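Undergrad: Got a structure here, written out as structure tokens. Questions coming.
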Amino acid sequence: MTESSQMRTEPQRLRALEHANAVRLARAELKRRIADGDLSAAQVILECPDAVRRWTLSELLMSQRRWGSTRCRKFLERNSVSEIKVIGSLTDRQRHMLAEQLSGCPSLAAEAEATPVSTRELVWV
């Protein structure tokens, strides 16, 4: 490689490192705020800031107090969502469903009970 080509890629590499550090710091701050109770996981799912678009659901859920891998896995299995699903790739329906259940809104539970089982299974497939 010539010296001039190294000079051109160096600023790009530094910008990428700065961006990665900014994302890590933002995620760490969000994890702290979620653990402290200042911010809910439901809010993060609904708002989906840029820093968490590539964050997996399991990472987000386990940042809450008293949420371990088992509770996280069972919650996501119950909602037919993969643990490795990235927050930014959630559909609006999935986003609202998970947020409602995390915040304890009864509207989703009442809707699920009113819907016949066969129709519910078609929606999840």
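Undergrad: Can you tell me how many residues within region 86-120 are open to solvent by 50 Å² or more (accessible area, probe 1.4 Å) and at pLDDT 85 or above? Show your work before the answer.
TA: First, pick out the residues of region 86-120 that are open to solvent by 50 Å² or more (accessible area, probe 1.4 Å): 89, 91-93, 96, 100-101, 103-107, 109-111, 113-114, 116-120.
If we keep only those that are at pLDDT 85 or above as well, we get 89, 91-93, 96, 100-101, 103.
Total meeting the criteria: 8.
Undergrad: Where in region 1-81 are the helices (runs of 4 or more DSSP H), entirely inside, with at least 1 residues that are without any contact (Cβ under 8 Å) to a residue 60 or more places away in the chain, touching a Leu at 6+ places or on another chain (Cβ under 6 Å) and open to solvent by 80 Å² or more (accessible area, probe 1.4 Å)? Working first, answer last.
TA: Numbers: elements: 3-36, 41-47, 57-62, 69-78.
Qualifying helices (runs of 4 or more DSSP H): 3-36.
The values are calculated or read from the model by the stated rules, or taken from the named source; none is laboratory data. None of the values given here were measured: they were computed from a predicted structure. Heads up, the Cβs are rebuilt from the backbone with ideal geometry, glycines too, and the neighbour counts pull from every protein chain shown. Surface accessibility is based on the protein's heavy atoms, side chains included, excluding ligands, DNA and RNA. Shrake-Rupley method; radii C 1.70, N 1.55, O 1.52, S 1.80 Å.
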